[in-house]
1. It is to be established whether one or more residues within region 21-29 are among the basic types (K, R), farther than 14 Å from S84 by Cβ and not in a loop (DSSP other than H, G, I, E, B).
2. Starting from residues that are among the charged types (D, E, K, R) and more than 9 Å from the chain's Cα centre (by Cα), keep the ones in region 36-91 and report whichever is surrounded by the most Cβ atoms within 10 Å (Cβ to Cβ).
3. Which one of these does G40 not meet: (1) of a type outside the set (A, V, I, L, M); (2) out of contact with any Leu (no Cβ under 9 Å at 6 or more places or on another chain); (3) touching a residue at least 24 places away in the same chain (Cβ under 8 Å)?
4. Take the conditions among the aliphatic types (A, V, I, L, M), touching a Pro at 6+ places or on another chain (Cβ under 9 Å) and part of a helix (DSSP H, G or I) and apply them to L55. Does it pass?
5. Write out, first by first residue and then by second, each pair whose Cβ atoms fall under 6 Å of each other, whose residues are 6+ apart or on separate chains, and whose first residue, in region 22-35, is under 18 Å from G49 (Cβ atoms) and of a type in the set (G, A, S) while the second is in a helix (DSSP H, G or I) and open to solvent by less than 40 Å² (accessible area, probe 1.4 Å).
Amino acid sequence: MGLGSARLTLFKQWLFHIPSVGKTAGIILFIVNIILPGIGSIIAGLIGGSRGCCLAGLIQLLTCFFVVGWIWSIFWGWKIYKKSASFLSLG
């Protein structure tokens, strides 16, 4: 197993921690993650009971000053929204 596939596996494990919240909450948390990096992820983790999402939000918040955390926060917020929207449409 190469380094690239190991990174992909780790990435998929992190994506597993993204909780599914309601569609409206997903949109709101996405917007919060754009304006206040990491805060939306922390709130989503608290709502969805995901410690991994709370940890990711904390890291996003601490690294937002390096722009990396802010970009990651926007990506994470989008994934929260997409997972919440698709979860509701299946039910």
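1. Residues of region 21-29 among the basic types (K, R): 23.
Retained after the next criterion (residues that are farther than 14 Å from S84 by Cβ): none.
Scanning region 21-29, I find no residue that is among the basic types (K, R), farther than 14 Å from S84 by Cβ and not in a loop (DSSP other than H, G, I, E, B), so the answer is no.
2. Going through the qualifying residues, I end up with K83.
3. (2)
4. Taking the combined requirement at face value, the residue does not satisfy it.
5. The qualifying pairs are G26/I80; G26/S84.
The values are calculated or read from the model by the stated rules, or taken from the named source; none is laboratory data. Bear in mind that the values here come from a model prediction, so they are computed numbers and not experimental data. Every residue, glycine among them, receives a Cβ derived from its backbone with ideal geometry; neighbour counts consider all protein chains shown. Ligands, DNA and RNA are stripped out before the accessible areas are found, and what is left, the full protein with its side chains, is counted by its heavy atoms. Shrake-Rupley method; radii C 1.70, N 1.55, O 1.52, S 1.80 Å.
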